[in-house]
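Visitor: Sharing a structure here in C-alpha cells format.
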Amino acid sequence: FHLSHKVTRVVPESALLIVLGLFLGGIVWAADHIASFSLTPTVFFFYLLPPIVLDAGYFMPNRLFFGNLGSILLYAVIGTVWNAATTGLSLYGVYLTGVMGKLNSGLLDFLLFGSLIAAVDPVAVLAVFEEVHVNEVLFIIVFGESLLNDAVTVVLYNVFESFVAIGAPNVTGIECLKGIVSFFVVSLGGTLVGIFFAFLRFTKHVRIIEPGFVFIISYLSYLTAEMLSLSAILAITFCGICCQKYVKANISEQSSTTVRYTMKMMASGAETIIFMFLGISAVDPAIWTWNTAFILLTLVFISVYRVIGVIIQTWILNRYRTVQLEIIDQVVMSYGGLRGAVAFALVALLDKDKVKERNLFVSTTIIVVFFTVIFQGLTIKPLVQWLKVKKTEHREPKLNEKLHGRAFDHILSAIEDISGQIGHHYLRDKWSNFDRKFLRKILMRRSAQKSRDQILNVFHELNLKDAI
C-alpha cells in the first residue's frame with residue numbers, strides 16, 4: 001500500500017484496512033460458517049487503545065494544544081453533549097411517529113445510543129487528517145476534540161447505561177444530579193491521575209531499562225484510573241502530555257530515540273489491528289438486524305447536528321478568539337467527525353438483557369463507522385483541496401524566527417501583566433516561572449538542568465547541524 005503513491009493519494013489507509021478486514025472475514029466465514037474473530041471491548045480498551053492515546057498525548061504539540069484548550073474543551077464537552085442529546089431525542093421523536101416500526105426501546109435506550117454514536121474517533125481522525133496536512137490550528141482543534149471527546153463519550157455512556165439499568169421510572173432529579181457530578185468527578189479525576197503519574201521519577205542509573213519505564217508508568221496511569229472508575233483515556237493522554245518534556249531531558253539520546261520509534265510502532269500496529277478487526281467483526285450474520293429508517297435517520301442526524309453544533313459553538317468562540325475560525329474551517333471540522341472503533345467497542349459492551357434492541361444498535365454503529373471512515377475519509381482530501389484550506393508548512397523554524405517568537409511572547413505577557421488582563425501569554429509566563437523554580441529542580445537530573453540554558457541550547461543545535 002505504501003509503495004503505491006497513486007493509491008495513497010486517494011485512499012486513506014484506514015478505509016483500505018477495513019475493506020481488507022471485510023475480505024479476510026469473508027474468507028473465514030466461507031470456510032467455517034462462524035465468525036471466529038471479532039473486536040471485543042476488553043481487547044480494544046485494555047490493549048489497543050492505550051498505545052494510540054499515549055502516542056497522541058506524548059507527541060502532542062503542547063503549545064498549540066494549551067493555546068487552543070478553551071476551544072477544544074468547548075467542542076469536546078458541550079459539542080459531545082449536544083450531539084448525544086439531539087441525536088437520541090430526534091431518533092426517539094421519529095420512533096414515536098411510527099416510521100421505524102415496532103422497537104422494544106424507550107427514551108433512555110435512544111439516549112444511550114446517542115451517547116455512544118457521538119464518539120468522534122481520534123484513530124480515524126488522525127489517520128485521515130495526517131494525510132491531508134491541514135493547517136496546525138485546525139488540526140489541533142479537530143484532533144484535540146476527538147481525543148477529549150472520547151473520554152466525555154465514555155463517561156456519558158456510563159451515566160446513561162446506569163440509568164437504563166435502574167429503569168426509567170426510577171430516574172429522579174437526584175439521579176440526574178448524581179450523573180452530572182459523576183461526569184465532572186470522572187473527567188477531572190482521570191486528568192489528575194495522569195498528571196500524578198507523569199511526575200513520577202525515572203531511573204538514572206540503569207540506562208537500558210529507561211524506555212520501559214516510560215511505557216510502564218504511562219500504562220499504570222491508564223490502569224489506575226480504570227481501577228478507580230475514572231477516565232482512563234484522559235489519564236493516559238495527560239500523562240503523555242505532561243511527562244514528554246521531563247522524559248526527554250532525563251533520559252539519554254539513545255533511549256529517547258527508542259521511546260519515539262517504539263511508541264510510533266505500537267500505535268501504528270494497534271491502528272492497523274483495529275481497522276482490520278472492524279472489517280472482520282462485520283462479517284457475522286448473528287449481529288445484524290436491519291431497520292432502514294433507523295439507520296438512514298441516524299446518518300442524517302449525526303451529520304446535521306454536528307454541522308449545527310460546530311456553527312453555533314464557533315460563532316460563540318469567534319467573539320473571544322484572536323485567530324478566527326473561518327467558514328471553510330467550520331466545513332472541514334463538521335466533515336471531520338469520523339466515527340470509529342470507540343463507538344463500536346461501546347455498542348459491543350451493551351447488555352442484551354437490558355437493551356433489547358442491542359443488535360440494531362450494533363448494526364447501525366457498523367454502518368455509521370463504515371460510512372464515515374470510507375466515504376468521508378475518501379472525500380475529505382478532495383474537499384480540502386477544492387475549498388483551498390490553508391495547509392501546514394513542514395519545516396523547522398529558523399533561529400531568527402525562534403528569537404522573534406520568544407521576544408513576542410515576553411512582550412505580550414508583559415502587556416497583559418501591565419493591563420491587568422489574564423490571557424494565554426500571562427498564564428504561560430507564570431507557568432514557565434513555576435516550572436523553572438520548582439518542577440525542573442525536582443523532576444530533572446542536575447546535568448539536564450544545567451543544559452537547559454536556551455541560548456546554549458540553540459548554539460548546541462547549530463553546531464550539531466553543522467557537524468551532521
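The values are calculated or read from the model by the stated rules, or taken from the named source; none is laboratory data. Everything numeric in this text was worked out from a predicted model, so none of it was measured. Methodologically, a virtual Cβ is constructed for each residue, glycine included, from the backbone with ideal geometry; neighbour enumeration extends over all protein chains shown. Note: accessible area is taken over every heavy atom of the protein model, side chains too, but ligands, DNA and RNA are not part of it. Shrake-Rupley method; radii C 1.70, N 1.55, O 1.52, S 1.80 Å.
Visitor: With the requirement that a residue be in contact (Cβ under 8 Å) with a residue 12 or more places away in the chain and either open to solvent by 20 Å² or more (accessible area, probe 1.4 Å) or not assigned by the TED database to the domain that holds LEU54 (or both), what does the range 165-184 give you?
Guide: Listed by number, the residues that qualify are ALA165, ALA168, VAL171, GLU175, SER182, PHE183.
Visitor: Out of everything in the range 16-39 that is modelled with pLDDT of 85 or more and closer than 19 Å to SER268 by Cα, what residue ends up being surrounded by the most Cβ atoms within 10 Å (Cβ to Cβ)?
Guide: The qualifying residue surrounded by the most Cβ atoms within 10 Å (Cβ to Cβ) is ILE18.
Visitor: Further question: I'd like the full set of residues that are closer than 18 Å to LEU69 by Cα and in contact with a Gly (Cβ under 6 Å, 6 or more places away or on another chain), limited to the range 126-144.
Guide: Once the filter is applied, which keeps residues that are closer than 18 Å to LEU69 by Cα and in contact with a Gly (Cβ under 6 Å, 6 or more places away or on another chain), the range 126-144 yields only VAL142.
Visitor: Residue by residue through the range 308-334, note down the ones that are under 16 Å from GLN376 (Cβ atoms) and surrounded by fewer than 21 Cβ atoms within 10 Å (Cβ to Cβ).
Guide: Passing the criteria: GLN330, VAL331, SER334.
Visitor: Let me ask something else about it. Being open to solvent by 30 Å² or more (accessible area, probe 1.4 Å), modelled with pLDDT of 80 or more and under 29 Å from the mean Cα position of the chain (by Cα) narrows it down to one of LEU360, LEU387, so name that one.
Guide: After applying the criteria, what remains is LEU387.
Visitor: While we're on this one: Six or more apart or on different chains, Cβ under 9 Å: which pairs go from a residue in the range 270-289 that's closer than 10 Å to LEU39 by Cα and open to solvent by 30 Å² or more (accessible area, probe 1.4 Å) to one that's of a type in the set (Phe, Trp, Tyr) and modelled with pLDDT under 85? Could you list them?
Guide: PHE277/PHE37
Visitor: A follow-up question, please. Based on what the data block shows, is VAL342 modelled with pLDDT of 90 or more, open to solvent by less than 20 Å² (accessible area, probe 1.4 Å), closer than 25 Å to VAL154 by Cα and hydrophobic (A, V, I, L, M, F, W, C)?
Guide: For VAL342, the condition - modelled with pLDDT of 90 or more, open to solvent by less than 20 Å² (accessible area, probe 1.4 Å), closer than 25 Å to VAL154 by Cα and hydrophobic (A, V, I, L, M, F, W, C) - is not met.
Visitor: With the range 56-156 as the region, which helices (runs of 4 or more DSSP H) entirely inside it contain at least 1 residues that are touching a Pro at 6+ places or on another chain (Cβ under 8 Å)?
Guide: 122-132
Visitor: State the number of residues belonging to the range 365-394 that are of a type outside the set (Asp, Glu), over 16 Å from VAL332 (Cβ atoms) and not in a helix (DSSP H, G or I).
Guide: Number satisfying all stated conditions: 1.
Visitor: So, one more: Only residues in the range 131-144 that are among the charged types (D, E, K, R) count as the first member; pair them with residues that are open to solvent by 20 Å² or more (accessible area, probe 1.4 Å) and assigned to a helix (DSSP H, G or I), Cβ under 8 angstrom, at least 6 apart or cross-chain, and list the lot.
Guide: Correct list of pairs: GLU131/THR8; GLU131/GLU13; GLU131/LYS381; GLU136/LEU64.
Visitor: From SER451, SER413, SER419, grab the single residue that is open to solvent by less than 100 Å² (accessible area, probe 1.4 Å), over 26 Å from the mean Cα position of the chain (by Cα) and modelled with pLDDT under 75.
Guide: None of the other options fit; the residue is SER451.
Visitor: Which residues, taken from the range 214-259, are charged (D, E, K, R) and surrounded by fewer than 17 Cβ atoms within 10 Å (Cβ to Cβ)?
Guide: Listed by number, the residues that qualify are LYS245, LYS248, GLU253.
Visitor: May I pose another question? In the range 1-15, which residues are buried (at least 18 other Cβ atoms within 10 Å of the Cβ) and in a helix (DSSP H, G or I)?
Guide: GLU13, SER14, ALA15
Visitor: Can I ask one more? For the range 72-109, how many residues are surrounded by fewer than 23 Cβ atoms within 10 Å (Cβ to Cβ) and more than 14 Å from the chain's Cα centre (by Cα)?
Guide: 25
Visitor: Do we have SER162 as of a type in the set (Gly, Ala, Ser) and without any contact (Cβ under 8 Å) to a residue 40 or more places away in the chain here?
Guide: yes
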